[in-house]
1. How many residues are more than 60 Å from the chain's Cα centre (by Cα) and acidic (D, E) when one looks only at segment 1-39?
2. Tally the residues that are in contact (Cβ under 8 Å) with a residue 60 or more places away in the chain and surrounded by fewer than 17 Cβ atoms within 10 Å (Cβ to Cβ), restricting the search to segment 100-112.
3. Any residue in segment 61-79 that is touching a residue at least 40 places away in the same chain (Cβ under 8 Å) and over 30 Å from E168 (Cα atoms)?
4. Kindly list, by first and then second residue, each pair from a residue in segment 113-136 that is among the charged types (D, E, K, R) to a residue that is surrounded by fewer than 17 Cβ atoms within 10 Å (Cβ to Cβ), limited to pairs with Cβ atoms under 6 Å and residues at least 6 apart or on different chains.
5. Within segment 3-11, is there a residue that is loosely packed, with under 12 Cβ neighbours inside 10 Å, in a strand (DSSP E or B) and not assigned by TED's automatic domain parsing to the domain that holds G153?
6. Across segment 167-181, what is the number of residues that are part of a helix (DSSP H, G or I) and closer than 18 Å to I76 by Cβ?
Amino acid sequence: MTAVIIILVVLVVIAVAAAGASVRVLREYERAVVFRLGRLMDQRGPGLILLTPTIDRMVRVSLRTVTLTVPPQETITRDNIPVRVTAVIYYRVVDANSAVTQVESFHNATRQIAQTTLRSVLGGVDLDSLLAERDRLNESLQHVIDAQTEPWGIKVTTVEIRDVEIPERMQHAIARQAEAERERRAKIINAEGEFQAAAKLAEAADVIGRNPTTLQLRYLQTLREIGATQNSTVVFPIDLVKPALDAITGAAAAAAQGNSAPGTAPEAGQASPPGNGELTPGSAGQLGAGPAPELSTPEQAEDRLPSLPESDED
């Protein structure tokens, strides 16, 4: 009787162990690749699955996105500049059966193919493109790596170039280049400003030239600006400017009259009337003040001189 009980207990233990070995629970992001006597069976999961003890063998595969950091890769760009590049790759398993049967270790294989592709692609571009066109290079790397991992059931979703290290001397050269570019832009902007200012000044001069009164108003505005900035009082009589303006107006009228009658010329010995503000031989050096008084004798001239106070000393 005791022997029968022992045998029953052993059979129960074996049955429980067999049941434990045949029952598996897979999470939502996991799939089971089952081999029965070495032959590939249908993919199973998620949830509860049953396996035949000692006959079925299961390989658990995760379908979550994996972050793969590519070790720093030293390469030489197309313009012969050594760089050190690090990248990050995001991939996931889309076909668990292919990921297990087509490659020995899909994680290690994806890392190796990413390293070799990174060196080959970045070696075909120059340094400026590597620094300024990272989006285009990331897309190119993603397409190349995904095309090579597709037979393994691996989908590469994103490739990002994380860091680009260049020699220190090249960094100084790039800094000098950027500084020179900024100076060039500043000079061009300054020249364009000078050109536009000169054009506006020419237009303003044309407007002022058509109306001489505008020049006097401009003088008044200038006096106001000077008094406001320097905190001083400036007296600028308009009478000093008026004769010059009258002379300019008279010269313009005379030129217009000469153009209107090109066939007439002044007779010989006949002097043309002087314009306002012009000096003629024998006249006093006054602007717009009329004819100067004539001095007939030296005595009259001496009488017109102001008398000086007599000194006590001889």
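The values are calculated or read from the model by the stated rules, or taken from the named source; none is laboratory data. Just so it is clear, the model here is predicted, and its values are computed rather than measured. So basically every Cβ, Gly included, is an ideal-geometry build from the backbone, and we count neighbours across all protein chains shown.
1. The number of residues fulfilling the criteria is 0.
2. Qualifying residue count for the region: 1.
3. Yes - at least one qualifying residue is present in segment 61-79.
4. Correct list of pairs: D126/R78; D126/D79.
5. Within segment 3-11, none of the residues are loosely packed, with under 12 Cβ neighbours inside 10 Å, in a strand (DSSP E or B) and not assigned by TED's automatic domain parsing to the domain that holds G153.
6. Residues that pass the stated criteria total 6.
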